[in-house]
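The values are calculated or read from the model by the stated rules, or taken from the named source; none is laboratory data. Please read these numbers as outputs of a predicted model, since none were measured by experiment. Neighbour counts run over all protein chains shown; Cβ positions are idealised from the backbone, glycine included.
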Amino acid sequence: MMSIGADSILPAHKEGTPPPSAYGCFPGFIGHYSRELGLLSLEEAIRRITSLPANRYKLKNRGIIKNQAYADLVIFDPEKIHEHFTYDGKPDIAKGIDHVFINGKHIVENGNFKQGILPGKVLRM
């Protein structure tokens, strides 16, 4: 069973442009392979980017929604989610994502980043 992940971080890889996978890996997977091509259900697409990789890397209480698990959640519109690039081909914020919570902190509200909130942390295996 194939899980989906991105090996990118946000710092620029050339000329100040972040790598496309930093912004579009998961929205692109859901939008293209699940919604557009219908190769897998929305539920299966989400499992492959959440609980499946978390289990493979033995990340406890990640990739699932349950009591005492870390609150990493993305609220999105399955009919609108997709990767997005500017007219000059640079990656831009994905479309169709309304809210994002990392470690229980609301960092994207109504599609907009909230400034100064950095709740993420490095996960060591």
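At-a-glance table
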quantity: Test: residue in the range 97-111 that is surrounded by 15 or more Cβ atoms within 10 Å (Cβ to Cβ), within 17 Å of Ser34 (Cα to Cα) and in contact (Cβ under 8 Å) with a residue 24 or more places away in the chain; calculated: yes
quantity: Selection within the range 47-99 - over 24 Å from Met1 (Cβ atoms) and among the polar types (S, T, N, Q); calculated: Asn67, Gln68, Thr86
quantity: Test for Gly38: is it modelled with pLDDT of 95 or more, part of a loop (DSSP other than H, G, I, E, B) and either more than 22 Å from Lys114 (Cα to Cα) or in contact with a strand residue (DSSP E or B) (Cβ under 6 Å, 6 or more places away or on another chain) (or both); calculated: yes
quantity: Qualifying positions in the range 42-60 - in contact (Cβ under 8 Å) with a residue 24 or more places away in the chain, assigned to a loop (DSSP other than H, G, I, E, B) and surrounded by 12 or more Cβ atoms within 10 Å (Cβ to Cβ); calculated: Tyr57, Leu59
quantity: Lys80 vs. criteria more than 20 Å from Ser34 (Cβ to Cβ), surrounded by 11 or more Cβ atoms within 10 Å (Cβ to Cβ) and basic (Lys, Arg); calculated: no
quantity: Residue within the range 61-70 that is in a loop (DSSP other than H, G, I, E, B), under 19 Å from Ala22 (Cα atoms) and touching a residue at least 40 places away in the same chain (Cβ under 8 Å) present; calculated: no
